[in-house]
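Okay, so here's the structure we're looking at.
The values are calculated or read from the model by the stated rules, or taken from the named source; none is laboratory data. The shown structure was predicted, so the numbers you read here are calculated from the model rather than taken from an experiment. We place every Cβ from the backbone using ideal geometry, glycine too, and count neighbours over all the protein chains shown.
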Amino acid sequence: MAQKSPKPLVAGNWKMNGTTASLREARLLAGMLKGVRLKCEVMICPPATLISTIKPVFKGTRIRLGGQDCHGQANGAHTGDISAEMLADVGCGAVIVGHSERRTDHGETDETVRMKAEAAHRAGLIAIICIGETLAHRKNGETLAVISRQLAGSVPEGANAANTVIAYEPVWAIGTGLTPTTVEVAEVHASIRTKTDPDMRILYGGSVKPANAAELMAVTNVNGALVGGASLKAADFIGIIKAYA
Ligand code: 13P
């Protein structure tokens, strides 16, 4: 497949999965990618507990590390939270913010997400800002309006192609095995593109698997994938990366 500009990004979001036993998959992935020239960037966002342990495993590879969330403040009395500065300190180059699971489980609003994205930028991290409609929104024909509202509310001033990635993840496609049609993906990504820098990467996420990756990644304005379940096994994740072989 011809390489699209900007350089695509395939990022694995391990979510709340992974213990030291998962280092085996990280080692497998590193072994498979060592010395391989890739047409996409590759990133793994492990749980925060594993970032420092995985870092040496990825040494000598082009696999980057990212966090799954950050607090808006740099430090302070926020028990259980992690700041963007802390993620940068342990070797992350990016952080996911506004994932629908954070929006649902922790009541994060567009404003919270924007503050987190600003924190990422302050710490020199790429903010991977997630947006996406629910099934009810889609059934009511509200998808593009919801996407537009989330973009306007979550993307901070100063966001550019170098410091920000948008991840379109339809909530109903996450972990369900369901995916929008390529026409539906193209429609949403085209709409996002009208509101972003032409070089800003727009990832698709939601049930991306080796079997559907090539088709989804070939859609216009899809500049990579944010992968959940299929990023947990090196063989599956490689199968997705191969969409850019
Ligand atoms: P799945 O790939 O498991 O559907 O998860 C997608 C996701 O939420 C990535 O952030």
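Restricting attention to region 204-245, the residues that are assigned to a strand (DSSP E or B) and out of contact with any Leu (no Cβ under 7 Å at 6 or more places or on another chain) total 1. For region 35-85, a residue qualifies if it is hydrophobic (A, V, I, L, M, F, W, C), farther than 24 Å from Y244 by Cβ and touching a Cys at 6+ places or on another chain (Cβ under 8 Å), and the qualifying residues are I51, I82, A84.
Per the conditions (1) more than 25 Å from D105 (Cβ to Cβ); (2) without any contact (Cβ under 8 Å) to a residue 40 or more places away in the chain, the sole criterion not satisfied by L29 is (2).
Only residues that are in contact (Cβ under 8 Å) with a residue 24 or more places away in the chain, within 16 Å of the ligand (Cβ to nearest atom) and among the charged types (D, E, K, R) were counted across region 104-137, and they come to 2. Any residue in region 233-245 that is more than 14 Å from the ligand (Cβ to nearest atom) and touching a Cys at 6+ places or on another chain (Cβ under 6 Å)? Checked region 233-245: at least one residue is more than 14 Å from the ligand (Cβ to nearest atom) and touching a Cys at 6+ places or on another chain (Cβ under 6 Å).
With respect to the conditions (1) crowded, with 18+ Cβ neighbours inside 10 Å; (2) within 16 Å of the ligand (Cβ to nearest atom), T143 falls short on a single one, namely (2).
Is region 88-98 home to any residue that is closer than 20 Å to S148 by Cβ, modelled with pLDDT of 95 or more and in contact with a helix residue (DSSP H, G or I) (Cβ under 8 Å, 6 or more places away or on another chain)? It would help to see each step written out before you state the result.
Residues of region 88-98 that are closer than 20 Å to S148 by Cβ, as a first pass: 97-98.
Imposing the further condition that a residue be modelled with pLDDT of 95 or more reduces the set to 97-98.
From what is left, the residues that are in contact with a helix residue (DSSP H, G or I) (Cβ under 8 Å, 6 or more places away or on another chain) are 97-98.
Scanning region 88-98, I find at least one residue that is closer than 20 Å to S148 by Cβ, modelled with pLDDT of 95 or more and in contact with a helix residue (DSSP H, G or I) (Cβ under 8 Å, 6 or more places away or on another chain), so the answer is yes.
Kindly check whether there is at least one residue in region 189-203 that is within 16 Å of the ligand (Cβ to nearest atom), among the hydroxyl-bearing types (S, T, Y) and either under 18 Å from V97 (Cα atoms) or in a strand (DSSP E or B) (or both). No, region 189-203 contains no residue that is within 16 Å of the ligand (Cβ to nearest atom), among the hydroxyl-bearing types (S, T, Y) and either under 18 Å from V97 (Cα atoms) or in a strand (DSSP E or B) (or both). Name the residues in region 84-98 that are assigned to a loop (DSSP other than H, G, I, E, B) and surrounded by 24 or more Cβ atoms within 10 Å (Cβ to Cβ), would you? If the condition is that a residue be assigned to a loop (DSSP other than H, G, I, E, B) and surrounded by 24 or more Cβ atoms within 10 Å (Cβ to Cβ), then C92, G98 are the ones that fit. Are any of the residues in region 113-134 among the hydrophobic types (A, V, I, L, M, F, W, C), surrounded by 23 or more Cβ atoms within 10 Å (Cβ to Cβ) and more than 15 Å from the chain's Cα centre (by Cα)? Yes.
Within region 93-103, the set of residues being touching a strand residue (DSSP E or B) at 6+ places or on another chain (Cβ under 6 Å) and within 16 Å of the ligand (Cβ to nearest atom) comprises A94, V95, I96, V97, G98, H99. Out of curiosity, is L38 in a loop (DSSP other than H, G, I, E, B) and crowded, with 16+ Cβ neighbours inside 10 Å? Yes: the conditions hold for L38. A230 meets each of the listed conditions (1) out of contact with any Phe, Trp or Tyr (no Cβ under 6 Å at 6 or more places or on another chain); (2) within 15 Å of the ligand (Cβ to nearest atom); (3) over 21 Å from K15 (Cα atoms) apart from (3). Scanning region 138-183 for residues that are in a helix (DSSP H, G or I) and touching a Gly at 6+ places or on another chain (Cβ under 6 Å) yields S154, V171, A173. Beta carbons closer than 7 Å, at least 6 apart along the sequence or on distinct chains, pair a first residue in region 60-83 that is in a strand (DSSP E or B) with a second that is loosely packed, with under 11 Cβ neighbours inside 10 Å for S83/N75. Whether any residue in region 160-174 is of a type in the set (G, A, S), away from the ligand (no atom under 16 Å from the Cβ) and either surrounded by fewer than 18 Cβ atoms within 10 Å (Cβ to Cβ) or at positive phi (or both) is what I want to check. Checked against the condition, which is being of a type in the set (G, A, S), away from the ligand (no atom under 16 Å from the Cβ) and either surrounded by fewer than 18 Cβ atoms within 10 Å (Cβ to Cβ) or at positive phi (or both), region 160-174 yields at least one hit.
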